[in-house]
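J.: One structure follows; several queries about it will come next.
The values are calculated or read from the model by the stated rules, or taken from the named source; none is laboratory data. Quick caveat, the model's predicted, so the values are computed rather than measured. We place every Cβ from the backbone using ideal geometry, glycine too, and count neighbours over all the protein chains shown. Quick note on the areas: whole protein, heavy atoms, side chains included, nothing else; ligands and nucleic acids left out. Shrake-Rupley method; radii C 1.70, N 1.55, O 1.52, S 1.80 Å.
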Amino acid sequence: MIRNRRHIVRVIGILAMVAWMAVAAAGETDASRVVLTPEELQADLDFVVRTMKQVHPDLFARLSEDEFEERRARLESRLNRSMTALSFYRIIAPFVASIGDAHTHIMPAPDTLLGDPNFLPVRVRLVGNRAYVREDLSGAGLPTGGQLVTVDDVEVEEFIDQASNYFGREHEDKPPIMVEGRFSYLYWLLHGASETYEVVVETPSQGRQIFGVPGQPVAAFHQAMASQEPGGLGAERQAFAYSYVQEFDVGLLEVRSFLPRHQGAFIRFLQAAFRHIAENDVRWLIIDVRNNNGGSPGVSDRLLAYLTDRPVRNFMHIDHRVSRQAAQQKGQPFIEERLGGIDRVRIPEARLPRPQHSYNRPVLVLVDQSTFSTAAIFAGVIKQYRLGVLIGEETGGLVSSFGDPLNFPLPNSELMLGVSRAYFEGVGGADRQRGILPDHEVPPTPQDLEAGRDTALLHALSITSPGVPRDELSEVSFTALESVFPYGEAPYEGDILYTMHKGEAPLFIAPTGENGSELTQQVRRAIMELRRRLDAEGEVITDTEALERDLSEHTLFVFGTLSGNAWLAEHLDELPFEVSDDAITLGPHTAGAGMNVVTAWPNPANPNYGMVIFTATEMERVFNIAFRDDMPRDYAVFDGSGIISEGRYQKTNGQWSLEQTNSR
């Protein structure tokens, strides 16, 4: 799923919570087919500029205000004709990205993927402006580690440079990290789709070779991307794993995610891993945070607590722009006189709670261009407080950066605008143009990439085992600890907010048994609105289709009454509700007439995935659910005025039960 590389961070805010509002009963629109007038395009541009100026904490940090206005004027001169939302996106996205902030950007609505185009089925690794095959998802035989030279006669290096203009380019000599994760999508966006792509790949041993690569429909492409995530040492991607080499007395801790949805499993994993480390008196520990796009510092602190008993901090200070938009989306009050001002929060150093089996020796930390957001913050703390040695490549995440974006659908094109509302000064200083620099820089060569050699890991092993020949180190076999939690296989422990914004492989289930065709159409429009607001590209299916489908590898979003949605009715015994003719009881509170319920819950087909259910006793009430970002919750009961009851579930090894309720 394209949006999966986004990083949900409550503190540094890679994606802010948006409202899901009632959808007008007007006819359904398709943002990619609707032709917008020049007046509508101008109104959307005005909205973008006004919002960026009101929300961003330092809009002209890298681009002067004069140059910004010049670019705006040039863009306005191109809005003299009607165009589709997708055509508008192609010219407005580079304008928004020109401020050089990776967290401020604009994205097309999910329904711009008309006709299920065939994507180029390849996962890439970027080294500078060069793309190398990380994974061939087509079976066409593309050599892993080979450099992509051209695709359908398009020079790949030129394409990467072009695609980089669609996201804030924070590094002067590196493309934005989003280009790597959205390589195939961006290629389609800029150069179109092919039934069969002609791809030229170059390797040191074979030179240039031409391959015919069959295009892959979007749905199949996303499924392949989800199942073929690469991991350390060539293994299938895992959220976290611990391995051990007894011969060299080296432990390897691979951490590919700091996402809050895995926090419970991550805590148990760390307990098991560090218990093994302590019981075996492991002399060297390598921590691999490459290909880690971030998550939450609250999660990374769980690991950091094992590594030091010294007072530490992730940031020097955080600057928030005071705006009405932030007050609305974050549920925070503001003083009128403070509008437009900056609230600075200084972060003091503090000791983290020291867990059992802590580790008191320096660590070796592997980083690369895909070490982003919270993962880069973690690396910065390791370096600043001299808790270990960084090995590999400069991180994609900066020393200090903007973030905590608010999200806004444009009024006419329905493109989604994200604008940073905060600045985070890292412990390494105020550098906004460089990532965390490794202590030992070990970039891979084309020969290394072709041979599948992990140069950073080999360099770390050479430190732990001096005198051992490199060829021997290359043959090192790590024995995995039994308590590994693979990516997508950790028990789901998310809440509503995190599930909505980070659910893997989403499916939206619409009811077919509600009274009246108009209600059925309304709920489908509501689903499309939610998809647009979440920038999600999951498939919308009916409840009857859901009963026939294998849903075990999807996050589900289920809509409708418990009588009108056949899938909900089938699984009612597995849900936390008690249902009567005129009420839904969830814990100590009952939702009767005029009330509705939203709850997170494990997917009945696979408790390692989650779902969010939107339900009520009356279908009309399903449209009245709204969210605030003032606190996370597992479930909430609403009436016409807002939340009247909310609570958390007790979660133990994937088993959920009611814990407590807060009434309002």
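J.: Roll a 1.4 angstrom probe over the protein heavy atoms and tell me the percent of accessible area of the range 52-186 that is carbon or sulfur. Mind showing how you got there, number by number?
T.: Working: 1860 of 4720 Å².
In the range 52-186, the share of accessible area belonging to carbon and sulfur is 39 percent.
J.: Using a probe of 1.4 angstrom, how much of the accessible area of the range 342-402 is carbon and sulfur, in percent? Provide the component values of the computation, followed by the final result.
T.: On the way: 1230 of 2500 Å².
The value for the range 342-402 is 49 percent carbon and sulfur by accessible area.
J.: Sorted by mean Cβ packing within 10 Å, highest first, what order do the peptides 138-146, 171-179 take? Show your work: numbers first, answer last.
T.: Details: 138-146: 17.4, 171-179: 20.1.
Those peptides, ordered most packed to least, come out 171-179, 138-146.
J.: Also, I was wondering about something else. Under a 1.4 Å probe, what is the accessible area of the range 430-472 per residue, stated in Å²?
T.: Working: 2290 Å² over 43 residues.
Result: 53 Å² per residue.
J.: Provide the per residue accessible area, probe 1.4 Å, for the range 36-177, rounded to a whole number of square angstrom. Kindly include the intermediate steps, with their values, before the conclusion.
T.: Details: 5210 Å² over 142 residues.
Accessible area per residue, the range 36-177: 37 Å².
J.: Would you list which aspartates and glutamates come within 19 Å of Lys383, measuring only between C-alpha atoms, while excluding same-chain residues fewer than 8 positions from it?
T.: Qualifying aspartates and glutamates at Cα under 19 Å: Glu254, Asp288, Asp301, Asp309, Glu349, Asp368, Glu393, Glu394, Glu425, Asp431, Asp439, Glu441.
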